[in-house]
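First comes the structure, then the notes that go with it.
The values are calculated or read from the model by the stated rules, or taken from the named source; none is laboratory data. Every value quoted in this text rests on a predicted model; they were computed, and no experiment measured them. Cβ atoms come from the backbone with ideal geometry, glycine included; neighbour counts cover every protein chain shown.
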Amino acid sequence: MSIDWQRFVEVINQHDRFVLTSHIRPDCDALGSELGMAEILRTLGKQVRIINGHPTPPSLQFLDPSQQIEVIVEHVMPHEIETPCLMVLDTSAWAQLGPMADVVRACRGQRLVLDHHVGQDDLGAEWFKDTSAEATGHLVVLAADALGVPLTSTMAMPLYAAIATDTGWFRFGSTSPATMRVAARLLEAGASPAQIYADLYERDTLGRVRLRGLILSRTEAELDGRLLHTFVLKEDFAKTGAIPSDTEDVINQTLAIRGAQLAAIMVEQLKGGFKLSFRSRCQVDCNELARQFGGGGHRAAAGAYLEGELATVQPRVLNAMREALQTPA
C-alpha cells in the first residue's frame with residue numbers, strides 16, 4: 001500500500017492548525033512520530049498541539065524535553081479540543097485511541113491517519129498508510145520530504161528513536177535497505193544513536209530490573225521450547241517498585257531463548273484485564289493472532305487487550321498460540 005504524498009501535501013496546505021494524537025501506552029514510534037511531525041508542521045508556520053490519551057512513560061520522557069505533549073483530562077478537557085485538522089499517527093484502531101477516541105469521533109474538522117499497521121477501523125479519516133514501512137517514524141521522514149521541509153536535529157532525534165526501536169535496533173526482519181538509508185539521513189541531521197540508546201536502555205531503575213527478573217523467572221516453555229510465555233500481575237508493580245511501562249521489551253528477551261518461535265506476555269492492567277503482546281519468528285502471523293482478541297499490529301509483533309482474570313485469560317491465549325503454532329503454513 002503506497003501513500004499518495006501529493007494528496008497529503010494538499011491536505012496539509014489547507015489547514016493552519018493541527019492536533020496530533022496516537023495510541024494509548026505510547027511507545028517510541030508513537031511519540032517520536034508525533035514529535036517529528038509537530039516540528040515539521042511548525043517549520044511550515046502551522047500551529048500544533050500533541051494530545052494523547054495516556055501520559056508519556058517516565059522512561060521515554062527524554063524524547064520530549066520541552067514537555068509539549070499534553071494528556072487528555074490532565075492538561076486539557078475533551079470539550080476544549082477544537083481543530084480544523086486532527087492527525088492520528090501510528091494506529092488505525094478505535095480501541096488503541098483510549099480516551100482520545102471520543103475526541104476523534106467528535107472532531108468536526110478533517111481527520112487524517114498516518115500509520116504502518118495492517119489492521120484498521122473506520123475512523124472516518126483519510127488514510128495515508130503504508131503497511132510495508134517498518135515504522136511510522138519512517139513515514140514522517142517521507143512526509144517531510146513531500147512537504148519540502150529539511151530534517152533538523154530536533155526532528156532527527158525522536159524519529160531515529162522511533163525507527164530504531166520498532167526494528168529492534170535494526171535486527172528485525174522488517175529492516176530493509178530503505179530503513180538504513182533513512183537512518184543515515186537522520187544521523188546526518190543530528191541524531192545521536194549512542195545518546196538515544198543510553199537514554200532508552202542504560203537508565204534502568206532498580207524496580208525495573210527487579211520486575212524484569214520476576215517476569216523472566218515465570219517464563220514457561222511448551223511444544224519442545226517453540227512456545228514461550230510469561231505474565232505480570234498488577235501487585236507485582238508494588239512488590240518490585242516498578243511501573244507498568246517497565247514491562248516494555250521484556251517479551252523480546254523471552255523470544256531470545258534458543259528454539260523459541262512464538263512468545264507472549266500477559267500484563268495485568270491496573271484497572272483490570274490483561275494487555276497481550278505477541279512476538280513471532282516463524283510462520284505464525286501475530287497480527288492474525290491478536291485479531292482473535294480484538295487487537296492487531298504486525299506479522300512479527302502485535303498486541304491486544306483481554307478482559308478477565310489470569311485463570312481465564314491465560315488458557316484462551318495459550319490455546320490460540322498452540323493452535324497457530326501447530327497449523328501448517
- request: Quick one: in segment 185-231, of everything that is of a type in the set (Ser, Thr, Tyr) and closer than 30 Å to Leu318 by Cβ, which residue is surrounded by the most Cβ atoms within 10 Å (Cβ to Cβ)?
  value: Thr230
query: Given segment 1-115, what helices (runs of 4 or more DSSP H) lie entirely inside it while holding 1 or more residues that are over 21 Å from Met157 (Cβ atoms)?
result: 5-13, 94-97, 101-106
task: For segment 76-94, indicate whether the set of residues that are without any contact (Cβ under 8 Å) to a residue 24 or more places away in the chain and either aliphatic (A, V, I, L, M) or in contact with a helix residue (DSSP H, G or I) (Cβ under 8 Å, 6 or more places away or on another chain) (or both) is non-empty.
output: yes
task: Please find, among Glu39, Glu10, Glu34, the residue that is of a type in the set (D, E, K, R), buried (at least 18 other Cβ atoms within 10 Å of the Cβ) and closer than 19 Å to Trp127 by Cβ.
output: Glu34
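Listed here are the residues, each with its yes/no results for (1) farther than 27 Å from Ala256 by Cα; (2) in the same structural domain as Asp249 (by TED's automatic domain parsing); (3) without any contact (Cβ under 8 Å) to a residue 24 or more places away in the chain; (4) in contact with a Pro (Cβ under 6 Å, 6 or more places away or on another chain).
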site	(1), (2), (3), (4)
Leu147	yes, no, no, no
Leu151	yes, no, no, no
Met155	yes, no, no, no
Ala162	no, no, no, no
Pro177	no, no, yes, no
task: Sort out which residues of segment 248-297 are in a loop (DSSP other than H, G, I, E, B) and either assigned by TED's automatic domain parsing to the domain that holds Thr165 or on the phi > 0 side of the Ramachandran plot (or both), and write them in order of number.
output: Asp249, Gly259, Gly272, Gly273, Gly294
message: Could you go through segment 113-121 and let me know if any residue there is assigned by TED's automatic domain parsing to the domain that holds Leu31, closer than 17 Å to Ile24 by Cβ and either among the basic types (Lys, Arg) or free of Cβ contacts under 8 Å to residues at least 24 places away in the same chain (or both).
response: no
message: Quick check on my filter: what residues within segment 141-184 are surrounded by 15 or more Cβ atoms within 10 Å (Cβ to Cβ) and basic (Lys, Arg)?
response: none
- prompt: Taking the stated definitions as given, is Glu74 modelled with pLDDT of 95 or more, farther than 27 Å from Ser176 by Cβ, of a type in the set (D, E, K, R) and assigned by TED's automatic domain parsing to the domain that holds Thr179?
  reply: no
query: Which ones in segment 117-167 are more than 18 Å from Gly36 (Cβ to Cβ) and out of contact with any strand residue (DSSP E or B) (no Cβ under 9 Å at 6 or more places or on another chain)?
result: Asp121, Asp122, Ser132
task: Starting from segment 219-236, keep only residues that are assigned by TED's automatic domain parsing to the domain that holds Ala264 and assigned to a strand (DSSP E or B), then list their pairs with residues that are crowded, with 19+ Cβ neighbours inside 10 Å and of a type in the set (D, E, K, R) whose Cβ atoms are within a distance under 7 Å, requiring at least 6 positions of separation or different chains.
output: Val232/Glu268
query: Is it fair to say Leu228 is closer than 29 Å to Gly32 by Cβ and in contact with a strand residue (DSSP E or B) (Cβ under 9 Å, 6 or more places away or on another chain)?
result: yes
query: In segment 129-178, how many are over 21 Å from Gly45 (Cβ atoms) and not in a helix (DSSP H, G or I)?
result: 17
query: Do we find that Thr312 is touching a Ser or Thr at 6+ places or on another chain (Cβ under 6 Å), surrounded by fewer than 21 Cβ atoms within 10 Å (Cβ to Cβ) and modelled with pLDDT of 90 or more in this structure?
result: no
task: Evaluate the following for Ala30: is it of a type in the set (A, V, I, L, M) and touching a His at 6+ places or on another chain (Cβ under 8 Å)?
output: yes
